[in-house]
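Trainee: Below is the structure I would like to discuss, written out as structure tokens.
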Amino acid sequence: EKANTALIFDMYKDRFTALPNQKVAWLTKNLYLYQNHWYPSETLFSIANYMRSQDIFQANPDDIYLASLPKSGTTWIKAITFAIVNRTKYKNHSLSTHMLLNSNPHDCVPFIEHEILRTKPTYMPENHPRIFATHTPYTSLPQSVIDYGCRIVYMCRNPKDVLVSLFHFMNKLRDDSLGLITIEEGFNLFCKGVTPLGPYWDHVRGYYKASLEHTTRILFLTYENMSANTANNVKNLAEFLGCPFTEEEEVAGVVEEIVKMCSFENLREVNKHGNIPNGLPKHVFFREGRVGDWIWSNHLTSEMSQTLDQITKEKFHGMDISF
Ligand code: A3P
């Protein structure tokens, strides 16, 4: 995989270095503006991988795609979807032997942008539905995902919590020699739309609009609603994915078991140690896991908060999203 990463990086380097780019505080290497969104060029999540996936990734009609911006609840929706789809595949149909009890959700559900680097595909032909995740904006998805009308689940989160979560995440991964990003720097870049895969508002709007046009194949979820009523969301999601819970399962408490298995507390405990295959420590994906953390963590001034509210109001005008 490492060798392929370097190969693909070199293969696409001429193409992406010709794009408008900026060196900003979030990352060591430049962000590139491609199809109206800002892509990182760090090898781990490089624009080269996204371009490659557009060129070669082949969807199957019954695939499931989990789309989100970084820090919007990707790990959580991966866990929930994996648990729903695979709930009968475990020994004696018992969730107590489930893969999520000893693996990170990122090990269970690959990103398309990483799948294209693998020499051996994650899924064998007999494995279906395949579940993939992606941070790609809707209009830049590999064409076959759109052409086949694959099911897409989009997870969206309040911009202020995304900003605070991103601020902590980037600082945790940062080389000590670089010093920390300040919240002011993070805030200014976020407002300008300069975040990995941002602008935040355009990414959300792209999937939101598509979900209105394709109601049966694109499900638009929010982290906040998922938090407030996880069990109902799990049931709706199972229905959307074509594998609704039977009455028997509901009586047996399978929905509640999945909610508990995928809870922040449980996943944080399981992921205290070790790294995911791309080298990131498992624990970095689990910080506070709460709605409105921007309030409790006290990072944003009231002026910053008002500015973000104002931008969101303008950009989401006419859209029915409540956080
Ligand atoms: P915080 O930094 O606010 O705690 P992503 O998976 O897209 O990178 O998003 C990470 C955010 O989701 C982090 O938010 C993380 O704590 C939170 N998170 C991870 N697993 C979760 C879970 N099972 N339930 C709720 N939130 C979760």
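The values are calculated or read from the model by the stated rules, or taken from the named source; none is laboratory data. All values derive from a computational prediction rather than experimental measurement. We place every Cβ from the backbone using ideal geometry, glycine too, and count neighbours over all the protein chains shown. To get the accessible areas, we keep the full protein, side chains included, count just its heavy atoms, and leave off ligands, DNA and RNA. Shrake-Rupley method; radii C 1.70, N 1.55, O 1.52, S 1.80 Å.
Trainee: State, in angstrom, two size descriptors of the stretch 253-323 derived from its alpha carbons: Rg to one decimal place and Dmax to the nearest whole number.
Mentor: 17.3, 46
Trainee: As an exercise, use a Förster radius of 41 Å and the Cβ-Cβ distance of Ala6 and Lys315 to find the FRET efficiency, rounded to the nearest 0.05. Walk me through the intermediate numbers first.
Mentor: Details: r = 38 Å, r/R0 = 0.92.
About 0.65, to the nearest 0.05.
Trainee: Continuing with the same structure: Taking just the C-alpha trace of the stretch 173-310, give me its Rg and Dmax in Å.
Mentor: Cα only, the stretch 173-310: 18.8, 56 Å (Rg, Dmax).
Trainee: So, one more: Provide, for q = 0.13 Å⁻¹, the log10 of I(q)/I(0) from a solvent-free Debye sum over equal Cα point scatterers in the stretch 22-121.
Mentor: -0.60
Trainee: Determine the calculated [θ] at 222 nm for the chain from helices alone, applying -39500 (n - 2.57) to every DSSP H run no shorter than 4 residues and normalising by the residue count; nearest 500 deg cm²/dmol. List each step's numbers first, then the result.
Mentor: Numbers: 16 runs with 147 residues, N = 323.
That calculation yields -13000 deg cm²/dmol at 222 nm.
Trainee: Tell me the per residue accessible area of the chain using a 1.4 Å probe; a whole number in Å² is fine. Intermediate values should be presented prior to the final figure.
Mentor: Details: 15040 Å² over 323 residues.
Heavy-atom SASA per residue in the chain reads 47 Å².
Trainee: Under a crude label model (7 Å from the Cα following the beta-carbon direction), how far is Ala228 from Glu265 in nanometres?
Mentor: Once both label points are built, they end up 2.2 nm from each other.
Trainee: Kindly count the pairs of lysines across the stretch 153-306 whose alpha carbons are less than 21 Å apart, treating pairs on different chains or eight or more residues apart as eligible. The partial results should precede the final answer.
Mentor: Working: Lys160/Lys172; Lys160/Lys192; Lys172/Lys272; Lys172/Lys282; Lys235/Lys260; Lys260/Lys272; Lys260/Lys282; Lys272/Lys282.
Here the count comes out as 8.
Trainee: Between Asn298, Phe245, His317, whose Cα lies farthest towards the positive end of the dipole of the stretch 219-323 when Lys and Arg beta carbons carry +1 and Asp and Glu beta carbons carry -1, centred on the Cα centre?
Mentor: Sorting the options by dipole projection puts first Asn298.
Trainee: Here's something else I'd like to know. Filter the GluC sites (Glu not before Pro) in the stretch 78-180 to those in DSSP coil with at most 10 other Cβ atoms within 10 Å of their Cβ, and list the result. Walk me through the intermediate numbers first.
Mentor: Working: sites: Glu113, Glu115, Glu126; in loops: Glu126.
Loop-located and lightly packed - Glu126.
Trainee: Another one. Between Cys243 and Lys120, how many nm apart are label points set 7 Å from Cα along the C-beta direction?
Mentor: Those two pseudo-labels are separated by 2.3 nm.
Trainee: Note the direction-averaged projected area, equal to a quarter of the hull surface, for the Cα convex hull of the stretch 1-72, in nm².
Mentor: Values: hull surface 24.1 nm².
Orientation-averaged projected area of the Cα hull: 6.0 nm².
Trainee: What residue among Ile218, Ile183, Ile152 has the largest mean-square fluctuation in a Gaussian network model of the chain, using Cα springs under 10 Å?
Mentor: Largest GNM mean-square fluctuation: Ile183.
Trainee: Please identify, among Arg130, Arg15, Arg118, the residue showing maximal mean-square fluctuation in a Gaussian network model of the chain using a 10 angstrom Cα cutoff.
Mentor: For the chain, modelled as a Gaussian network with Cα springs under 10 Å, the answer is Arg15.
Trainee: Using only the alpha-carbon atoms, what does the chain span along each of its principal axes? Please give whole angstrom values in decreasing order.
Mentor: Result, largest extent first: 54, 46, 42 Å.
Trainee: Another one. On a C-alpha basis, how far is the centre of the stretch 205-237 from the centre of the stretch 126-197 in Å? Whole number, if you could?
Mentor: The two parts, judged by their Cα centres, are 17 Å apart.
Trainee: May I pose another question? Classify the stretch 212-262: rounded, prolate or oblate, from the alpha-carbon gyration tensor (a ≥ b ≥ c, eigenvalue square roots; a/c under 1.5 rounded; otherwise prolate if a/b is larger than b/c)?
Mentor: Details: a/c = 3.12, a/b = 1.40, b/c = 2.23.
Oblate, since a/c reaches 1.5 and b/c is not below a/b.
Trainee: Below 12 angstrom from the Cβ of Ile321, what's the summed charge of the other residues (Lys, Arg +1; Asp, Glu -1)? Spell out each step's value before the answer.
Mentor: Working: positive: Arg157, Arg205, Lys209, Lys313, Lys315; negative: Glu224, Asp320.
That works out to +3.
Trainee: Between Asn278 and Thr43, what length comes free when the chain is fully extended (0.36 nm per residue of separation minus the Cα-Cα distance, one decimal in nm)?
Mentor: Numbers: separation 235, 0.36 × 235 = 84.60 nm, distance 1.03 nm.
In short, 83.6 nm is gained.
Trainee: Now for a different question. Between Asn236 and Lys172, what length comes free when the chain is fully extended (0.36 nm per residue of separation minus the Cα-Cα distance, one decimal in nm)?
Mentor: On the way: separation 64, 0.36 × 64 = 23.04 nm, distance 3.48 nm.
Extending this stretch completely gives an extra 19.6 nm.
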